[in-house]
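As structure tokens, the structure follows; a few thoughts come after it.
The values are calculated or read from the model by the stated rules, or taken from the named source; none is laboratory data. Please read all numbers here as calculations on a predicted model, not as lab measurements. Glycine also receives a Cβ, built like all others from the backbone with ideal geometry; neighbour counts cover every protein chain displayed.
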Amino acid sequence: MTEPWFERSFREDYLLVYRHRDESSANQEVNELLSHLPIKRQGRVLDLCCGSGRHSRALAALGYEVVGVDLSDVFLALAEEQNTYDNLHYFQYDMRDIPFEQEFDIVFNLFTSFGYFATDDENRLVIANMMKALKPGGEVVIDYLNPAYLKANLVPHSEREIEGLMIEEERTIEEGYVKKRIRITDAEASGSREYWEQVRLYEQEEMLEMLKLAGFSDIQTFGTYNCEPYESEQSKRMIFYARK
């Protein structure tokens, strides 16, 4: 069976490609969301697809009891290495198969960590799992891309150099997905390696339908981390907030 793209891509090279997404940006994003959303200021939080734990640490610093979940052993090892909080713990699970039931006051799913799978049923299952993990009255925050903005502003090709490595990124939109091919060339090693990423492009109406189908209510859509109104052609993000 072919290895899923996210199992191959979410490793050491991913951290290099996205090194600009640092601790400072995570703190800013979390603080902006919490400053503008009508969200609980304490409780037990699930950071679903926590990656290397940037947002988990930002939430733990604010006093939440945080559980970070990710599939990547590389990301989790780095998260554990940087964890200095007694109120933060990490576990390895696939987001389609998490064991939590009515344990959390808030579920965060940040930095476009949704739409990774090949079928709509699998992606719907992720939202159903968010619902199952929440206590009655719990809240969910999903930080997702805006397909309309992405299509209008797609950069087909870019390249940059980091630590002597040339990183080339090619982006296309195919069959309802945004796809990115990443080529990393190491001049000293006389070779290159390639990775793929793909994210399903769900429109706002489709996301709302999935949230409603899972049982969420009081659903709101914002266009920025400051929770400015969502504008279909102008907003870079679609940030969904809803209650169980």
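Given the structure, is ASP70 in contact with a Cys (Cβ under 9 Å, 6 or more places away or on another chain), surrounded by 24 or more Cβ atoms within 10 Å (Cβ to Cβ) and in the same structural domain as GLU23 (by TED's automatic domain parsing)? Break it down stepwise before answering.
On the way: in contact with a Cys (Cβ under 9 Å, 6 or more places away or on another chain): yes; surrounded by 24 or more Cβ atoms within 10 Å (Cβ to Cβ): yes; in the same structural domain as GLU23 (by TED's automatic domain parsing): yes.
Judged against the criteria, ASP70 is a match.
Would you point out the residue of the range 39-75, among those that are of a type in the set (A, V, I, L, M, F, W, C) and at pLDDT below 95, that is farthest from TYR225 (Cα to Cα)?
Taking the range 39-75 and keeping what is of a type in the set (A, V, I, L, M, F, W, C), we get 39, 45-46, 48-50, 58-62, 66-67, 69, 71, 74-75.
Adding the requirement that they be at pLDDT below 95 leaves 71, 74-75.
Values: LEU71: 25, VAL74: 28, PHE75: 24 Å.
In this case the residue turns out to be VAL74.
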Looking only at the range 31-55, count every residue that is without any contact (Cβ under 8 Å) to a residue 40 or more places away in the chain and of a type in the set (A, V, I, L, M) and tell me the total. 1
Could you grab me the full set of residues in the range 76-112 that are out of contact with any strand residue (DSSP E or B) (no Cβ under 9 Å at 6 or more places or on another chain) and touching a residue at least 60 places away in the same chain (Cβ under 8 Å)? LEU78
Search result, residues across the range 103-139 that are over 13 Å from the mean Cα position of the chain (by Cα), buried (at least 22 other Cβ atoms within 10 Å of the Cβ) and in a strand (DSSP E or B): PHE104, ILE106, LEU134, GLY138, GLU139
Regarding GLU29, is this residue within 18 Å of PHE240 (Cα to Cα), in a helix (DSSP H, G or I) and charged (D, E, K, R)? yes
Out of (1) crowded, with 17+ Cβ neighbours inside 10 Å; (2) among the aromatic types (Phe, Trp, Tyr); (3) outside any loop (DSSP other than H, G, I, E, B), the odd one out for PHE100 is which? (3)
Which residue is nearest to ARG200 (Cα to Cα), if the candidates are limited to the range 151-186 and must be in a strand (DSSP E or B) and of a type in the set (A, V, I, L, M)? VAL178
In the range 34-67, the residues that are surrounded by 19 or more Cβ atoms within 10 Å (Cβ to Cβ) and assigned to a loop (DSSP other than H, G, I, E, B): CYS49, CYS50, GLY51, SER52, GLY53, TYR64
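If I go through the range 121-161 residue by residue, how many of them are touching a strand residue (DSSP E or B) at 6+ places or on another chain (Cβ under 9 Å) and either within 30 Å of GLU188 (Cβ to Cβ) or without any contact (Cβ under 8 Å) to a residue 12 or more places away in the chain (or both)? If you could, list the steps in order and put the result at the bottom.
The first filter runs over the range 121-161 and keeps only residues touching a strand residue (DSSP E or B) at 6+ places or on another chain (Cβ under 9 Å), leaving 123, 126-127, 129-131, 133-135, 137-147, 149-151, 154-161.
Cutting the leftovers down to either within 30 Å of GLU188 (Cβ to Cβ) or without any contact (Cβ under 8 Å) to a residue 12 or more places away in the chain (or both) gives us 155-161.
Summing the residues that are touching a strand residue (DSSP E or B) at 6+ places or on another chain (Cβ under 9 Å) and either within 30 Å of GLU188 (Cβ to Cβ) or without any contact (Cβ under 8 Å) to a residue 12 or more places away in the chain (or both) in the range 121-161 gives 7.
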